[in-house]
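Since the structure comes first, as structure tokens, the remarks are kept for the end.
The values are calculated or read from the model by the stated rules, or taken from the named source; none is laboratory data. Treat the numbers as computed from the prediction; the structure is a model and nothing was measured. Using ideal geometry, Cβ is built from the backbone for each residue, glycine included, and neighbour counts are taken over all protein chains shown. These area figures cover heavy atoms from the full protein model, side chains too; ligands, DNA and RNA do not enter into them. Shrake-Rupley method; radii C 1.70, N 1.55, O 1.52, S 1.80 Å.
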Amino acid sequence: MPTLKTSPYDVIIIGAGINGCCGAYTLHRAGLRVALIDQNGIASGGSGAAGAFISPKISKAGELKEIMSEAHTEALDFYTTNFPNFTLVKPLLHIANSPKEGEKVESFIRDTHLKHSNIPHKIQTLLSDEAQNAASIYFDTGAIVDAQGVCRAMVDGIDFYCFKAEHITHENGLWQVGNLHAKHLVLSIGAYPKLLPVDYVGLRGIWGHRIDIETSTHIPCILHQHVSISPTNKEGIVAIGATHDVHYSPFSGEPYDLVQGREILLEKASKTLMLNNIIVLADYTGLRSGSNDYLPMLGNLVNADATLAKYPHIRHGQAVNPTDYLYYPNVTMINGSGGYGFVLAPYLAKRLKEFIADGFEMDPILSPSRFFPRWAKRQS
């Protein structure tokens with residue numbers, strides 16, 4: 001760990017998951033001095049436990065579909081170009097896990113520009129009857145990323161500090177975290193306790209569990225249905241993971257049952273295909289964060305107390321233009337990616353760089369301030 005420095009950085013990023021690491025990488029490449037902080041280490045939480053599948057989100061038309069489509073394209077190019085040693089490119093088969101999901105798949109097939117084709121016979125023979133009879137789409141190109149490996153590679157050459165950021169202050173135009181100072185502060189701490197009073201931000205914690213296994217079943221492509229299943233890599237390892245459907249909160253005080261979690265993952269995987277001679281090699285668990293409206297977050301943070309004091313009528317439902325809210329100076333949040341963190345991270349990092357380094361405006365659709373009016377009404 002570098003020695004703590006008192007000379008200012010351009011940017012301090014708190015949280016070394018995929019959003020923090022990708023943001024640090026992109027800003028560093030733009031020539032900014034970046035300090036990255038995490039209390040437990042690089043990709044030590046939900047990002048390190050992720051399957052890190054670079055796959056499109058199957059959804060119907062709308063803002064989310066447009067964002068995810070652009071993010072997916074950017075992510076494939078980003079990882080294969082910059083981190084090919086940590087990226088396995090393989091075809092991807094997405095299979096509906098319910099009739100409702102099947103409708104989304106059929107709608108997606110009609111509208112997508114992504115190249116897809118018929119499922120090869122050698123893959124069809126692996127699938128269960130349920131999987132063969134469900135709506136599906138076979139993409140010619142998908143990818144899976146080494147979650148922890150790529151995060152570490154991203155921050156190579158960037159000052160990293162391993163300590164718990166508990167108190168942050170702003171004075172003379174600089175944010176201070178411990179002995180570190182910077183003009184800009186970026187919070188990418190996921191669903192963990194917030195460092196500023198921004199209770200209006202709509203987040204939900206999503207517990208993730210991934211297992212790495214050995215199996216005599218050779219899997220030639222990425223599979224998504226009830227869980228995500230990786231292709232067999234060059235070491236003969238298959239990863240199985242899920243974010244939704246595995247419900248647990250690390251804040252409950254109860255230990256997570258790894259054995260039961262494994263059983264759930266393997267049982268769900270068996271609905272897609274038969275895995276023979278399984279040996280569980282490792283477990284990875286962690287908390288990820290999703291937004292309440294499923295869109296990711298990238299933007300400045302409203303100073304709630306100051307804004308309510310200036311515009312008390314917000315409590316009664318009267319509208320105020322978000323550009324008139326009072327914001328914390330030079331604070332940006334990246335959050336709410338849910339189970340698509342590795343897909344969204346390059347997209348969000350690029351726009352963070354455009355904002356901080358190039359002076360572009362951020363997309364208001366992604367702003368965390370979108371949750372403020374409804375929260376403010378509940379304060380009356």
Is one or more of the residues making up the range 104-120 part of a helix (DSSP H, G or I), aromatic (Phe, Trp, Tyr), over 19 Å from Asp140 (Cβ atoms) and open to solvent by less than 70 Å² (accessible area, probe 1.4 Å)? no
Looking at the range 75-84, is at least one residue β-branched (Val, Ile, Thr) and under 27 Å from Ala30 (Cα atoms)? yes
Consider only pairs whose beta carbons are under 8 Å apart and that are at least six residues apart or on different chains; among these, list those whose first residue lies in the range 1-17 and is over 21 Å from Ala30 (Cα atoms) and whose second residue is modelled with pLDDT under 95 and open to solvent by 20 Å² or more (accessible area, probe 1.4 Å). Leu4/Gly178; Leu4/Asn179; Lys5/Asn179; Thr6/Asn179
Options Ser59, Ser107: the member that is modelled with pLDDT of 90 or more, of a type in the set (S, T, N, Q) and over 15 Å from the mean Cα position of the chain (by Cα): Ser107
Please work out which one of (1) in a loop (DSSP other than H, G, I, E, B); (2) open to solvent by less than 10 Å² (accessible area, probe 1.4 Å) is the condition His209 fails and give its number. (1)
Here is a list of conditions, (1) over 20 Å from Leu174 (Cβ atoms); (2) in a helix (DSSP H, G or I); (3) under 16 Å from the mean Cα position of the chain (by Cα), and Leu352 meets all of them except one; can you say which number that is? (1)
Being in contact with a Gly (Cβ under 8 Å, 6 or more places away or on another chain), touching a residue at least 24 places away in the same chain (Cβ under 8 Å), closer than 25 Å to Ala282 by Cα and not basic (Lys, Arg) is the requirement here; does Phe53 meet it? yes
Quick count over the range 135-155, residues being assigned to a loop (DSSP other than H, G, I, E, B) and open to solvent by 30 Å² or more (accessible area, probe 1.4 Å), is 1
Taking only pairs six or more apart or across chains, which ones have beta-carbon atoms under 8 Å, a first residue in the range 18-43 that is touching a residue at least 12 places away in the same chain (Cβ under 8 Å) and of a type in the set (Val, Ile, Thr), and a second residue that is in a loop (DSSP other than H, G, I, E, B) and surrounded by fewer than 21 Cβ atoms within 10 Å (Cβ to Cβ)? Val34/Ile158; Ile37/Cys162; Ile37/Phe163; Ile37/Ala165; Ile37/Gly178
Ala43: passes all of (1) crowded, with 20+ Cβ neighbours inside 10 Å; (2) in a loop (DSSP other than H, G, I, E, B); (3) in contact with a strand residue (DSSP E or B) (Cβ under 7 Å, 6 or more places away or on another chain); (4) not acidic (Asp, Glu) but (3)
Any residue that is in contact with a helix residue (DSSP H, G or I) (Cβ under 6 Å, 6 or more places away or on another chain), assigned to a strand (DSSP E or B) and either at pLDDT 95 or above or buried (at least 18 other Cβ atoms within 10 Å of the Cβ) (or both) - is there at least one of those in the range 76-83? no
So Lys90, is it over 14 Å from Ile222 (Cβ atoms), open to solvent by 60 Å² or more (accessible area, probe 1.4 Å) and not small (Gly, Ala, Ser): no
Regarding Tyr294, is this residue at positive phi, under 25 Å from the mean Cα position of the chain (by Cα) and touching a residue at least 24 places away in the same chain (Cβ under 8 Å)? yes
Out of all the residues in the range 276-314, which are surrounded by 19 or more Cβ atoms within 10 Å (Cβ to Cβ) and in a loop (DSSP other than H, G, I, E, B)? Leu295, Pro296, Asn303
Any idea how many residues of the range 351-380 are closer than 13 Å to Asp199 by Cβ and surrounded by fewer than 20 Cβ atoms within 10 Å (Cβ to Cβ)? 4
